[in-house]
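Shown next, in structure tokens, is the structure this report addresses.
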Amino acid sequence: MPVITVDNVVEGLKRKDVFAWLSVTDNHDRFLAGAFNDVSRASDTEWTCTLKLFPKSRVMRYRFIAADDEHGGRRILCETDGKRTKGKLHYSLRTPRGSRDTLITLHMDYDPGSMFGLVVDVGGLRDGLEKGLVTILSNLKKEIYQDVESGKLEA
């Protein structure tokens, strides 16, 4: 099963504040927008994301499952579904010692399917998904800072 892991640091914000912000499903609208070629909200907790690849576009469903703080850390649990993209996705939040910064690790494991699916994965699916995940974290950081500047979130 392929795995993609990307990180980004939100500087000056405590982990509990970033966790609370990520727990609001409406905020997912904001940072998913622009991460893929097309994103539309299908329900309160589900989005349809289109990734245009050659020769065929892939449609992936992104579903918010839960905000999990059971294991001493804080994670936002999601699932993905679709042909060649079915899997799990989660955001892990950590605070490096001696800082107020929050390290967000976005981890996705997915099943591309049969042998042909592995060829599709190596042929561009993995790169497209990774680019989308990097953009998600970049957008997420931008949207959090926007809420700090507008006073919706305290730094």
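The values are calculated or read from the model by the stated rules, or taken from the named source; none is laboratory data. Computed from a predicted model, the values in this text were never measured in an experiment. In this analysis, Cβ positions are derived from the backbone assuming ideal geometry, glycine residues included, and neighbour counts consider all displayed protein chains.
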Quiz item: In segment 35-60, what residues are of a type in the set (Gly, Ala, Ser) and at pLDDT 95 or above?
Solution: Ala35, Ser40, Ala42, Ser43
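Kindly establish whether Leu153 is modelled with pLDDT under 90, surrounded by 15 or more Cβ atoms within 10 Å (Cβ to Cβ) and within 25 Å of Asp29 (Cβ to Cβ).
yes
How about segment 11-105: which strands (runs of 3 or more DSSP E) wholly inside it have at least 3 residues that are touching a residue at least 12 places away in the same chain (Cβ under 8 Å) and under 30 Å from Met115 (Cβ atoms)?
Working: elements: 38-43, 46-51, 58-68, 74-81, 86-94.
In segment 11-105, the matching strands (runs of 3 or more DSSP E) lie at 46-51, 58-68, 74-81, 86-94.
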Practice problem: Please work out which residue is nearest to Thr102 (Cα to Cα), limiting yourself to segment 116-155 and to residues that are in a loop (DSSP other than H, G, I, E, B) and among the hydrophobic types (A, V, I, L, M, F, W, C). | Solution: Ala155
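Got a sec? Which of Leu106, Leu129 is buried (at least 18 other Cβ atoms within 10 Å of the Cβ), touching a helix residue (DSSP H, G or I) at 6+ places or on another chain (Cβ under 7 Å), among the hydrophobic types (A, V, I, L, M, F, W, C) and under 26 Å from Leu53 (Cβ atoms)? Can you show your working first?
On the way: Leu129 fails: touching a helix residue (DSSP H, G or I) at 6+ places or on another chain (Cβ under 7 Å).
That would be Leu106, the only listed residue that is buried (at least 18 other Cβ atoms within 10 Å of the Cβ), touching a helix residue (DSSP H, G or I) at 6+ places or on another chain (Cβ under 7 Å), among the hydrophobic types (A, V, I, L, M, F, W, C) and under 26 Å from Leu53 (Cβ atoms).
What are the residues in segment 110-120 that are in contact (Cβ under 8 Å) with a residue 12 or more places away in the chain and surrounded by fewer than 20 Cβ atoms within 10 Å (Cβ to Cβ), if any?
Narrowing segment 110-120 to residues in contact (Cβ under 8 Å) with a residue 12 or more places away in the chain: 110-113, 117, 120.
Answer for segment 110-120, where residues must be in contact (Cβ under 8 Å) with a residue 12 or more places away in the chain and surrounded by fewer than 20 Cβ atoms within 10 Å (Cβ to Cβ): Asp111, Gly113, Gly117, Val120.
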